[in-house]
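The values are calculated or read from the model by the stated rules, or taken from the named source; none is laboratory data. It should be emphasised that the depicted structure is a prediction, and the values quoted were computed from it without experimental measurement. Backbone-built Cβ (ideal geometry, glycine too); neighbour counts: all protein chains shown.
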């Protein structure tokens with residue numbers, strides 16, 4: 001439907017058609033109004049109050065409609081909407097999900113939890129807040145707890161890069177400062193004031209350090225072949241921390257690690273492998289484990305034995321004479337585990353072995369003139385070690401004239 005213009009309300013985007021992975025800046029301005037809400041399809045407007053003038057970077061993964069809900073001074077409501085059309089990029093990493101909890105607004109000092117799931121061909125995942133790096137080399141699937149300092153608008157950007165390009169998504173939250181309550185000052189009266197008494201001052205309580213807490217520990221993938229590697233990713237918090245160690249089946253693989261990070265490990269043996277993150281502090285300790293199944297490499301499949309086969313066997317020329325009594329025999333064979341190739345010639349006088357099992361093609365045979373007038377029979381025999389033997393014959397005519 002056509003939106004009726006209202007003086008004092010603007011709602012615009014730097015673009016309404018983008019490629020997946022690109023971002024737009026959506027801006028709004030609403031003056032002399034009671035309330036303003038900015039939200040997208042699928043979100044509750046009640047949780048997304050904003051200032052009357054502002055802007056937001058958005059990196060939608062699919063075509064998305066955004067709304068601006070404005071409550072006027074007379075409590076009437078004006079709603080504006082705009083749609084950003086997104087064209088998919090097939091080879092780039094796909095951000096399947098990127099969420100923030102809680103949404104909308106938090107009080108200063110509160111924390112949020114970011115969760116994501118990225119698929120496709122990926123070389124790096126990068127998480128930032130207001131362009132400040134939080135985690136470079138994040139896992140494909142993970143979570144991260146952040147307690148943003150100060151107040152105002154906080155924009156979290158998740159960027160996934162791969163051989164086919166890059167993709168990114170954003171989540172935004174507003175951090176509001178708690179305003180002190182104005183306590184009314186009592187008016188003076190003519191009632192005489194009682195004399196002061198010595199009120200004991202209660203002792204100042206010493207804050208108790210927070211024990212360590214692990215918000216994420218994962219080993220991805222959870223099944224590999226022997227010789228491959230896994231990516232260990234972690235995130236933990238706490239006060240008065242002493243040590244943080246990752247072990248593989250009880251053996252340390254990383255120590256003195258930062259509170260957020262990731263690294264690769266390549267298990268040396270097959271079987272079930274247990275990775276454990278243990279964090280110790282002055283007030284306690286905590287641990288979390290992840291299992292990986294390491295498979296033995298499969299032995300190569302034995303090729304079945306192929307019996308020997310003579311695919312061709314011939315003599316050239318097939319007729320010789322006294323002026324040219326030589327012929328050349330050629331052949332080709334197939335099969336596995338060939339043990340010997342034998343060539344022989346038969347005539348009226350008997351059979352003559354022309355080779356001792358190592359005949360090689362081509363083979364030239366020059367016949368004695370005394371055999372003129374006969375038909376010579378050549379026999380090729382091929383033997384294998386395990387699958388039998390085969391023979392084939394060809395003839396040559398030795399003309400007498």
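Please return the ranges of strands (runs of 3 or more DSSP E) entirely within the stretch 330-401 where 2 or more residues are in contact (Cβ under 8 Å) with a residue 12 or more places away in the chain. Show your work before the answer.
Values: elements: 338-347, 350-353, 363-366, 375-384, 389-398.
Fully inside the stretch 330-401 and qualifying: 338-347, 363-366, 375-384, 389-398.
Tally time: how many residues in the stretch 118-135 are surrounded by 15 or more Cβ atoms within 10 Å (Cβ to Cβ), closer than 17 Å to residue 99 by Cβ and either in contact (Cβ under 8 Å) with a residue 60 or more places away in the chain or within 15 Å of the chain's Cα centre (by Cα) (or both)?
Number satisfying all stated conditions: 4.
Quick one: is residue 42 in the same structural domain as residue 63 (by TED's automatic domain parsing), closer than 30 Å to residue 165 by Cα and free of Cβ contacts under 8 Å to residues at least 24 places away in the same chain?
On the way: in the same structural domain as residue 63 (by TED's automatic domain parsing): yes; closer than 30 Å to residue 165 by Cα: yes; free of Cβ contacts under 8 Å to residues at least 24 places away in the same chain: yes.
So residue 42 passes the test.
Restricting to the stretch 283-298, name every residue that is touching a residue at least 12 places away in the same chain (Cβ under 8 Å), farther than 26 Å from residue 210 by Cβ and part of a loop (DSSP other than H, G, I, E, B). Step through it out loud before you land on a result.
From the stretch 283-298, those touching a residue at least 12 places away in the same chain (Cβ under 8 Å) are 283-297; that's our starting set.
Filter again for farther than 26 Å from residue 210 by Cβ, leaving 291-297.
Correct list: 296, 297.
Identify the single condition in (1) assigned to a strand (DSSP E or B); (2) free of Cβ contacts under 8 Å to residues at least 60 places away in the same chain that residue 268 does not satisfy, given that it satisfies every other one.
(1)
From the list 382, 367, pick out the single residue that is within 17 Å of residue 326 (Cα to Cα) and either more than 60 Å from the chain's Cα centre (by Cα) or surrounded by 12 or more Cβ atoms within 10 Å (Cβ to Cβ) (or both). Working first, answer last.
Numbers: 382 fails: within 17 Å of residue 326 (Cα to Cα).
So the residue among 382, 367 that is within 17 Å of residue 326 (Cα to Cα) and either more than 60 Å from the chain's Cα centre (by Cα) or surrounded by 12 or more Cβ atoms within 10 Å (Cβ to Cβ) (or both) is 367.
Output the residue which, of all residues in the stretch 242-251 that are in contact with a strand residue (DSSP E or B) (Cβ under 7 Å, 6 or more places away or on another chain) and more than 20 Å from residue 284 (Cα to Cα), is surrounded by the most Cβ atoms within 10 Å (Cβ to Cβ). If you could, list the steps in order and put the result at the bottom.
First, pick out the residues of the stretch 242-251 that are in contact with a strand residue (DSSP E or B) (Cβ under 7 Å, 6 or more places away or on another chain): 242-249.
When the remaining residues are screened for being more than 20 Å from residue 284 (Cα to Cα), the result is 248-249.
Values: 248: 20, 249: 13.
That would be 248.
Which of (1) touching a residue at least 24 places away in the same chain (Cβ under 8 Å); (2) assigned to a loop (DSSP other than H, G, I, E, B); (3) under 49 Å from the mean Cα position of the chain (by Cα) does residue 301 not meet, given it meets every other one?
The one condition residue 301 does not meet is (1).
Every residue, every condition in (1) at pLDDT below 90; (2) assigned by TED's automatic domain parsing to the domain that holds residue 220; (3) touching a helix residue (DSSP H, G or I) at 6+ places or on another chain (Cβ under 8 Å); (4) under 30 Å from residue 389 (Cα atoms), yes or no:
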position: 273; (1), (2), (3), (4): no, yes, no, no
position: 276; (1), (2), (3), (4): no, yes, no, no
position: 285; (1), (2), (3), (4): yes, yes, no, no
position: 289; (1), (2), (3), (4): no, yes, no, no
position: 343; (1), (2), (3), (4): no, no, no, yes
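Within the stretch 24-39, identify whether any single residue is surrounded by 15 or more Cβ atoms within 10 Å (Cβ to Cβ), in a loop (DSSP other than H, G, I, E, B) and in contact (Cβ under 8 Å) with a residue 60 or more places away in the chain, and answer yes or no.
No, the stretch 24-39 contains no residue that is surrounded by 15 or more Cβ atoms within 10 Å (Cβ to Cβ), in a loop (DSSP other than H, G, I, E, B) and in contact (Cβ under 8 Å) with a residue 60 or more places away in the chain.
Which members of the stretch 271-282 meet the condition of being surrounded by fewer than 15 Cβ atoms within 10 Å (Cβ to Cβ) and in contact (Cβ under 8 Å) with a residue 24 or more places away in the chain?
Residues of the stretch 271-282 that are surrounded by fewer than 15 Cβ atoms within 10 Å (Cβ to Cβ), as a first pass: 271-272, 274, 282.
The answer is 274, 282.
From the set of residues in the stretch 72-105 that are farther than 29 Å from residue 166 by Cβ and surrounded by 14 or more Cβ atoms within 10 Å (Cβ to Cβ), which is modelled with the lowest pLDDT? Explain how you work it out, then say what you get.
Taking the stretch 72-105 first, the residues farther than 29 Å from residue 166 by Cβ are 72-80, 105.
Filter once more, so that each one left must be surrounded by 14 or more Cβ atoms within 10 Å (Cβ to Cβ): 72, 78, 80, 105.
Working: 72: 92, 78: 92, 80: 93, 105: 86.
Here the residue is 105.
Considering only strands (runs of 3 or more DSSP E) fully contained in the stretch 88-138, which possess at least 3 residues that are closer than 19 Å to residue 233 by Cβ? Give the derivation first.
Numbers: elements: 94-101, 105-107, 112-119, 124-129, 132-136.
It comes to 94-101, 112-119, 124-129, 132-136.
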